[in-house]
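Note sheet for the following structure.
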Amino acid sequence: MGSDEAYNFVFKVVLIGESGVGKSNLLSRFTKNEFNHDTRTTIGVEFSTRTVQLSGFTIKAQIWDTAGLERYRAITSAYYRGAVGALLVYDITKHLTYESVERWLKELYEHADPHIVVMLVGNKIDLESERSVPTEEAKDFAEKKGLLFLETSALESTNVEAAFNNVLAEIHKKVSSKQVVRGSINAVSLNTSRAENTEENKPCCRNI
Amino acid sequence: MTLHSPSQDPVQEWGEEEEDGAVFGITLRREPVPPSSDAAELSTAFGFVQYHTVKVRRLKAATLERLVTHLLDPKHQEPDFIRVFLSTHRAFTSTSTLIELLTLPPVIRLWLEEYSEDFHEPPQYESLRLLCMHLRHRLCFRRLAQTAATLLKSESASQHSSESLQQEPRDQEDGGETSTKEEDKHSFMDFPVREIAEQLTRLDSDLFVRVVPFHCLGCVWSQRDKKENRNLAPTVRATISQFNAVTNRVITSLLCPSSPAQRARIIERWIAVAQVRCRQLKNFSSLRAILSALQSNAVYRLKKTWAAVSRSANYLNMLRILCFPQWSSHTDYQHVNTWLGFCPQSFSGGVVPYLGTYLTVLTMLDTALTDTVEGGLINFEKRRREFEILSQIRQLQTSCSRYSLPVNPHITAWLQAHTLLTDQESYELSRDLEPPVDPCPTSPNSWSSRLLTKKLAL
């Protein structure tokens, strides 16, 4: 950590979802507890980074987690700005956390770039016996909304790498296919709920 | 003749030793042999220093009983053990259990003198009463019993004043405050920049010194959202309410009917408060709060206003880094972090940190390290790591006594009495002031910014 290695892209990815679903755990797994080795270096760094190789490119993933900061209003309001990917996490054993997914999506699309790559993540599959959200149900929902989907276990490290890497690969794909060049917003299918406010759909008006 | 100390690391991890109910980490350390009279002569004569290897044991994990035994065994204890234990014990046991287990006067004395917040349990003060009772039963504890009784008296006496403090924090989520006349009488532009920063620092440091470090631990603070824990960590929440009040004050001062040029002057003034004065006063809480307000959705989108903001100051570069970290290299970020005082390495005056940094680190530590290790032993290494952070907080709290700031009732009233806006309200006000326009080529767009990132990185 802290070395300025050469990279081709920096992608900001945010973790969202109800508290207690294991967002920080996923992050901690993915960044391999790097802050673990030297606490001092992480003081003041609000995100964790990990560099990954994807089809010959070096991609630096900056993963933002609101760990401990949820009550700072202004801090969380700028959280989505500049994010090109999001992991929307729920707990497969707590149906309420899944029901709130729609609310999180709305907030995300209101404040983030409309082209943002979103993955719906059902965490805690190590607790299969307590499952209350069927895989198929979440999968169908994700498909309908145009989201990527994966189930993970941060505890057992199942699918954690895959979840982050798939999101990064999808972002990279969008970037290289120039799908997201200004004015081509129709190339990305958008959540219908957002059509109510057409102004919000214009990508570069979003944050100004 | 010069002597060279050995170049290799004098400390070496050697392994672990397991005993009944405890795991010790063993390190080997090379230390110079203290010169006895004979050896001293030898070493001056031959120019060498004798080293010997010292085996250092560090308690890594143990049962509660074993931890307490270790506490009572100063001979075999690592120097910080008692402090780590007292700072963090409520993460793995309760105060009353500990009272039952403790029998050693020096530990109880340190507890009463330096960690008395553990006994702050109004209105009944059960633990303190229990401790008084325990101490009274034994002769050797007579003096300590007096200390405890005095603490109980002063706690009860200060209960009234602390009650009024608890009502004081203006928690915005509980909302519902309206503006007072004070706000209308004074305008932000009339107040001297220095005095605004001084009042902010006075308010911030007052709240920060009251923070109970233990409340910042992940196991306490990360429970904050669960309904039944709503009253947890009031001292931490008070600092956050103040932080939110400052951001709100900045936002409301900007979202009143005015021209872009007028708003630009207000932004410049707030930046002067933050960048020049708060920074001088090492008040990183308000500094961060003001910058966050300027980045909030409602203010950030005021394009005409920002266009009228003077570019002379270098703060724009800093704002750019804060707003678009994906544009900047890691070094930039570290620079800004150091600049913002997130890693205050040296300080001669008072420092008020942005507590959020510590809350994040402690939440992540709590996430990454388990509470117990194999065999259900308490993971004391985790507590040691947390203690490092808690002691930094304590150190900064001590530094706050070096502030001596005058009270300015007008500015304080102006800072505290104001209309509270929700994010939605401020966003709507902002759109009334500067209605959204068509897509414009100069606007920051995260996708196009990647090209810049590329340029910076390669």
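If B:Thr367 passes every condition in (1) more than 29 Å from B:Phe208 (Cα to Cα); (2) modelled with pLDDT of 70 or more but one, which one does it miss?
B:Thr367 satisfies every listed condition except (1).
One line per residue, one yes/no per condition, for (1) at pLDDT below 90; (2) over 21 Å from A:Thr51 (Cβ atoms):
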position	(1), (2)
A:Ser132	no, yes
A:Ser153	no, yes
A:Val160	no, no
A:Leu168	no, no
A:Asn191	yes, yes
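For A:Tyr72, indicate whether it is within 12 Å of chain B (Cβ to nearest Cβ) and either under 30 Å from B:Leu294 (Cβ atoms) or in contact with a Pro (Cβ under 8 Å, 6 or more places away or on another chain) (or both). It would help to see each step written out before you state the result.
Values: within 12 Å of chain B (Cβ to nearest Cβ): yes; either under 30 Å from B:Leu294 (Cβ atoms) or in contact with a Pro (Cβ under 8 Å, 6 or more places away or on another chain) (or both): yes.
Against the criterion (within 12 Å of chain B (Cβ to nearest Cβ) and either under 30 Å from B:Leu294 (Cβ atoms) or in contact with a Pro (Cβ under 8 Å, 6 or more places away or on another chain) (or both)), A:Tyr72 qualifies.
Just give me the residues in segment B:229-271 being in a loop (DSSP other than H, G, I, E, B), more than 23 Å from B:Leu203 (Cα to Cα) and of a type in the set (A, V, I, L, M, F, W, C), in sequence order. Step through it out loud before you land on a result.
Kept after step one, since they are in a loop (DSSP other than H, G, I, E, B), are these residues of segment B:229-271: B:230-233, B:255-259.
Narrowing further to those that are more than 23 Å from B:Leu203 (Cα to Cα): B:230, B:255-259.
The answer is B:Leu255, B:Cys256.
If a residue must be buried (at least 17 other Cβ atoms within 10 Å of the Cβ) and part of a helix (DSSP H, G or I), how many such residues does segment B:395-411 contain?
Step one: of segment B:395-411, the residues buried (at least 17 other Cβ atoms within 10 Å of the Cβ) are B:396-397, B:399-400, B:403, B:405, B:408, B:411.
So of that shortlist, the ones also part of a helix (DSSP H, G or I) come out as B:396-397, B:399-400, B:411.
The total comes to 5.
With B:Ile108, B:Ile82 as the choices, which residue is buried (at least 19 other Cβ atoms within 10 Å of the Cβ), touching a Ser or Thr at 6+ places or on another chain (Cβ under 9 Å), assigned to a helix (DSSP H, G or I) and touching a residue at least 12 places away in the same chain (Cβ under 8 Å)?
Numbers: B:Ile82 fails: touching a Ser or Thr at 6+ places or on another chain (Cβ under 9 Å).
Matching residue, one of B:Ile108, B:Ile82: B:Ile108.
Only one of B:Leu369, B:Leu377, B:Leu355, B:Leu362 is over 22 Å from A:Thr31 (Cα atoms) and within 14 Å of chain A (Cβ to nearest Cβ). Can you tell me which? Spell out how you get there, then give the answer.
Details: B:Leu369 fails: over 22 Å from A:Thr31 (Cα atoms); B:Leu377 fails: within 14 Å of chain A (Cβ to nearest Cβ); B:Leu362 fails: over 22 Å from A:Thr31 (Cα atoms).
Sole residue among the options that is over 22 Å from A:Thr31 (Cα atoms) and within 14 Å of chain A (Cβ to nearest Cβ): B:Leu355.
Kindly list the number of the only condition in (1) modelled with pLDDT of 80 or more; (2) open to solvent by less than 10 Å² (accessible area, probe 1.4 Å); (3) facing chain B (nearest Cβ under 9 Å) that fails for A:Leu26.
Evaluating A:Leu26 over (1) modelled with pLDDT of 80 or more; (2) open to solvent by less than 10 Å² (accessible area, probe 1.4 Å); (3) facing chain B (nearest Cβ under 9 Å) leaves (3) as the failure.
Do we find that B:Ser448 is surrounded by 18 or more Cβ atoms within 10 Å (Cβ to Cβ) and either small (Gly, Ala, Ser) or modelled with pLDDT of 90 or more (or both) in this structure? Walk me through how you get there before you give the answer.
Details: surrounded by 18 or more Cβ atoms within 10 Å (Cβ to Cβ): no; either small (Gly, Ala, Ser) or modelled with pLDDT of 90 or more (or both): yes.
In short, no.
May I ask you to say which residue of B:Arg311, B:Arg269 is charged (D, E, K, R) and at pLDDT 85 or above?
Step by step, each of B:Arg311, B:Arg269 is checked, and only B:Arg269 is charged (D, E, K, R) and at pLDDT 85 or above.
The values are calculated or read from the model by the stated rules, or taken from the named source; none is laboratory data. Not measured: the values here are computed from a predicted model. Every residue, glycine as well, gets a Cβ built from its backbone with ideal geometry; the counts of neighbours run over all protein chains shown. Only protein heavy atoms, including side chains, enter the accessible area calculation; ligands, DNA and RNA are left aside. Shrake-Rupley method; radii C 1.70, N 1.55, O 1.52, S 1.80 Å.
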